[in-house]
1. Taking the chain as a Gaussian network, where each spring joins two C-alpha atoms under 10 Å apart, which residue of 179, 156, 167 fluctuates the most?
2. Please report the relative contact order for the chain, taking Cα pairs under 8 Å with a sequence separation of at least 6, and give it as a percent rounded to a whole number.
3. Have a look at 78, 17, 44 and tell me which one the Gaussian network model of the chain (Cα, springs below 10 Å) gives the largest fluctuation.
4. Between 170, 82, 42, whose Cα lies farthest towards the positive end of the dipole of region 19-203 when Lys and Arg beta carbons carry +1 and Asp and Glu beta carbons carry -1, centred on the Cα centre?
5. What is the magnitude of the charge dipole of the chain about its Cα centre, with +1 placed on the Cβ of each Lys and Arg, -1 on the Cβ of each Asp and Glu, and no other charges, expressed in debye to the nearest 20?
6. Along the charge dipole of region 19-203, pointing to its positive end and built from +1/-1 on Cβ of Lys, Arg, Asp and Glu, which listed residue (155, 32, 60) has its Cα farthest out?
7. In a Gaussian network model over the chain where Cα atoms closer than 10 Å are linked, find which of 142, 65, 45 has the largest mean-square fluctuation.
8. Pull out the extension gain between residue 133 and residue 118, defined as 0.36 nm times the separation in residues minus the alpha carbon to alpha carbon distance; nm, one decimal.
Amino acid sequence: MSGCCDDSCAVEALREKQRGTLLSVLSINLAMFLIIVVAAMYGKSTALFADSLDNLGDALTYALSLYAVTRENATKAKVALFKGFLILFAAIAVLVQIVYHIMVPTVPVFEIMGAFSLLGLIANSICLYLLWRHRNEDVNMSSVWECSRNDIVINISVFVAAGAVWITESGWPDILVAIALVWLLMRSSIRVITSARQELRAAT
């Protein structure tokens, strides 16, 4: 009788599936960060910059999640906790950009905002599809799912902001959407950090 029918083999098979998915979404998010951060700088969009930082944060998150896949629950909880603080750092970085653009007003290039937010939406929809089956497996994959779900909201928000910039010929829609994204990132970071702390207490 094959030894691959026991619990340990089932766990290893699950971990292999998780690793494969994480490698895929890591590659997608790293590529999207490099593309969108250049577009955000060229297009002078704070909301698009928030989107690019979110992709970078996700790439780091997936890399950490790859490390945690084969670790015990306590380690997974610690990694999830660190991921929560990464999301918080991204929120603070966007907040700094908001303050700068309020002090130095600019009108973003709405065509760039719209085009690259749609590109990001396509990429992140693929990631969300890949991660769907893993969302309830453990705290590590649950926090990854949380990040991916945020991405979809951010992409749609940036696209809406692009339309508002086009209509108003003002940079304020970009700033207002960026403020909303800061709130979303803060809320997400608190949720991930709280969940990770609960898991860490339970594991120790």
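All of the numbers you see were taken from the coordinates with simple rules; none came from a lab. Keep in mind it's a predicted model, so treat the numbers as computed, not measured. FYI the Cβ positions are ideal-geometry reconstructions off the backbone, even for glycines, and counts take in every protein chain you see.
1. Answer for the Gaussian network model of the chain: 167.
2. On the way: 286 pairs, mean separation 60.4, N = 204.
Result for the chain is 30 percent.
3. Among 78, 17, 44, the largest GNM mean-square fluctuation belongs to 17.
4. 82
5. On the way: 15 positive and 16 negative charges, 82 e Å.
The dipole magnitude comes to about 400 debye.
6. Working it through, the farthest residue towards the positive pole turns out to be 60.
7. 142
8. Full extension from residue 133 to residue 118 adds 3.0 nm.
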